[in-house]
Amino acid sequence: MHIRTVEGLVAAGLVDDDAALDAVAAKYVIGITPAVLALIDANDPNDPMARQFVPTPAELETTLEERADPIGDLSHSPVEGIVHRYPDRVLLKAVHVCPVYCRFCFRREMVGPQGLGTLTPAQLDAAVDYIASHDDIWEVILTGGDPLVLSPRRLAEMMARLAGIAHVRIVRFHTRVPVVEPERVDAAMIGALKASGKTTYLAVHANHPREFTPAARAAMARIADAGIALVSQSVLLAGVNDDVETLAALMQGFVENRVQPYYLHHPDLAPGTSHFRVSIAKGQALVSALRGRISGLCQPVYVLDIPGGHGKADIGAATIVGDEGHYSVRDWQGQTHRYPPEADDTV
Ligand code: SF4
């Protein structure tokens, strides 16, 4: 059962009938796939899967610092569907639909049936023309929404158009499909993700190790076996993964599935999401603890998307302060050391 309504949530036993949820659903779309539904423990009031996908009245509370476009997509959009924030890469947002709708989504005001929709053929032409006319665009990042909701035929058409642009070398997909709808990742879909002469990367969004079901693992293996490079993307979320055991298992799970840990996002200031936010100090302590606990292969970069569209800042690296010759560097246990060491420092 693919749940898309409050009635569906009630029928599945995930919520009680609550008028406040109708108000939430009127603002923010609901979506829970059968694969995700199977992971939710309806008897656990703190279930990390339910917390990610089942709406709550807390979403009606907005705080002063929250904003509809928290990372400034719209102010960096030269044509519909393109976000051009850095010289060498663009986002191509062809579709604003997702198989699931995450309650903490940073684009929650843009996704779903009431959102920005899918690019029309003319808009897609203009977006591709923009990429073709900017020689310094080395990478195109297909995001949305979730680009893997598109049919293999439409994805293949898009990839064929990008294949014709010589300066584009990398095409990167950002998607939750391998974990929330793994059966979509079949041979036709995988074939459509490749383009002659281009290198395809696929960033898998997962936030809790329970998302790595046997079906999800098999989907990621099919992608890796096809020669597509996999990287990870997670959001640090209160009550979901804001403890070192869960984060460690999540990052190890990625590596076990041939997904290179990449981004751990500090949660963005999206409306109605304050119940998911953790402090930056806590996030830094968590990534620091990961450093001492699990393999270097498993270390994500802890990033903040600076509100207003100023790009990403690595905020986990606040471990070294000072000037050349007089640095103080903090280790994973929180102790500081001089760098370079003084002659009398013990090793
Ligand atoms: S899949 Fe991505 S874009 Fe879609 S609701 Fe979740 S976070 Fe937002």
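The values are calculated or read from the model by the stated rules, or taken from the named source; none is laboratory data. What you see is a predicted model; the values in this text were computed from it and never measured. Note: ideal-geometry Cβ built from the backbone for every residue, glycine included; neighbour counts use all protein chains shown. Areas reflect the complete protein model, heavy atoms only, side chains present, ligands, DNA and RNA absent. Shrake-Rupley method; radii C 1.70, N 1.55, O 1.52, S 1.80 Å.
A compact table of results
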{"read-out": "Cα pair distances exceeding 27 angstrom across the chain, given as percent", "value": "49"}
{"read-out": "Solvent-accessible area per residue for the range 57-151 (1.4 angstrom probe, square angstrom)", "value": "41"}
{"read-out": "Extreme residue, positive dipole direction of the chain, given options PHE276, GLY144, ALA19 (C-beta unit charges)", "value": "GLY144"}
{"read-out": "Ranked order, LEU250, LEU304 - accessible area, probe 1.4 Å, largest first", "value": "LEU304, LEU250"}
{"read-out": "The range 59-161 - share of DSSP beta bridges that are antiparallel (%, nearest 5)", "value": "40"}
{"read-out": "³J(HN,Hα), Karplus 6.51/-1.76/1.60, whole Hz, each residue of the range 211-217, x for Gly, Pro", "value": "5, 7, 6, x, 5, 5, 4"}
{"read-out": "Beta bridges by DSSP in the chain, antiparallel share as percent, to the nearest 5", "value": "35"}
{"read-out": "Length gained when the stretch LYS282-GLN335 is fully extended (0.36 nm per residue, less Cα-Cα span)", "value": "17.5 nm"}
{"read-out": "Cross-link partners of LYS282 among lysines (Cα-Cα below 24 Å; sequence separation of 8 or more within a chain)", "value": "LYS312"}
{"read-out": "Gaussian network model of the chain, springs between alpha carbon atoms under 10 Å - residue of ASP16, ASP69, ASP314 with greatest fluctuation", "value": "ASP16"}
{"read-out": "Carbon and sulfur %, accessible surface of the chain computed with the full protein complex present, 1.4 Å", "value": "54"}
{"read-out": "DSSP loop GluC sites (Glu not before Pro) with at most 16 other Cβ within 10 Å: longest gap in the chain", "value": "81-323"}
{"read-out": "Span from the the range 108-170 Cα centroid across to the the range 258-290 one, whole angstrom", "value": "28"}
{"read-out": "Contour excess over end-to-end distance, with Cα ends at ASP323 and VAL301 and 0.36 nm allotted per residue", "value": "5.6 nm"}
